[in-house]
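One structure is given here, and the rest of the page talks about it.
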Amino acid sequence: MRLEECFAALEREQPDAAVLDVYINGVLSYDVAARLHAKGTPIVFLTGYSSPALTGKWNEFSRCLKPCDPAELKALLVKALSTGRDVRS
């Protein structure tokens, strides 16, 4: 649950897809998202904020509102994995 741990994990392996909280320990996760996106990893964001928590280009990416419905998250991940790219809202 720290950005440093995310970056360290990305040095060791490349995930097929990522479910990424918008805030990790109170810090925006955009740097992690940028690294994942640059490597072609599909991203689904999680957020507990009712107002748009995603800004800039990240606002176009799929998101699941907390508490996230498991069926919705599964559908977003299946779509991302089947197309091999980010699922846009």
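Coordinate-derived values only; no laboratory data. Worth saying up front: this structure is predicted, and the values here are computed from it rather than measured. Don't worry about glycine lacking a Cβ; one is built from the backbone with ideal geometry, like all the others, and counts go over all protein chains shown.
Before moving on, here are some points about what is shown:
- Whichever aspartates and glutamates have a C-alpha closer than 16 Å to that of K74, once near sequence neighbours (fewer than 8 apart) are set aside: D16, D21, D86
- Partner lysines for K39 [C-alpha distance under 21 Å; skip if fewer than 8 residues away on the same chain]: K57, K79
- The calculated FRET efficiency for the pair V78 and E4, based on their C-beta separation and a Förster distance of 22 Å, comes to about 0.10.
- Dipole magnitude (debye, nearest 20) for the chain, charges at Cβ of Lys, Arg, Asp, Glu: 240 debye
- Label-point gap, in nm, between V19 and D69 - each point 7 angstrom along Cα→Cβ: 1.5 nm
- Less than 5 angstrom separates the built amide H of A18 from those of I43, V44, all sequence-distant by 5 or more or on a different chain.
- Set against the 2.2 N^0.38 Å expectation for a compact globular protein, the chain has a Cα radius of gyration ratio of 1.01.
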